[in-house]
């Protein structure tokens, strides 16, 4: 009986040290997490993050609110990474292609805050577009990693937002996001 009590006491004392508590590793501006990057040499791109597992695939997204010089309007920039494997690794990203259900998709869009119209960006040919999942824990409910995007506006001759650049680069991208149900 004494040995059983000692075993219980030892286990009780060591248990808290064996459990990892999830802590956000980057400054957080939301309850769900954050994405940050250097956007066309501007270091302050920060998006509220979200992550979800759907049909055994990982979907990540971020929404950044950007002040503009155009009539004091706020612009939203949406980034989404779709159809990713649930696991650590580096994955090359492509444009949405419904003929290939296995491709890992990047979508990037800009819209005015009060409007649904906007400009769509697609991956630039022969440029790196990738996401690296460095840590994922579905039990603790989080995903972390890095990314780089080299995108161009899909229809430069018919921009919805004239001030949008034709090409954008997000480098040194990082994300630290809670998985939601």
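Spin-label pair residue 181-residue 126: with each label point 7 Å from Cα along the Cα-Cβ axis, the two points sit 5.0 nm from one another. Computed extension length for residue 41-residue 171: 45.9 nm, one decimal, from 0.36 nm per residue of separation with the Cα-Cα distance subtracted. Per-residue Cβ neighbour counts within 10 Å put 144, 42, 124 in the sequence 42, 124, 144, beginning with the fewest. Return the ratio Rg/(2.2 N^0.38 Å) for segment 29-180, where Rg is computed over Cα atoms only. Expressed relative to 2.2 N^0.38 Å, the Cα Rg reads 1.02.
Could you tell me the calculated FRET efficiency between residue 86 and residue 157, based on Cβ-Cβ distance and R0 = 30 angstrom, to the nearest 0.05?
That gives a FRET efficiency of 0.15.
All of the numbers you see were taken from the coordinates with simple rules; none came from a lab. Every value quoted in this text rests on a predicted model; they were computed, and no experiment measured them. Heads up, the Cβs are rebuilt from the backbone with ideal geometry, glycines too, and the neighbour counts pull from every protein chain shown.
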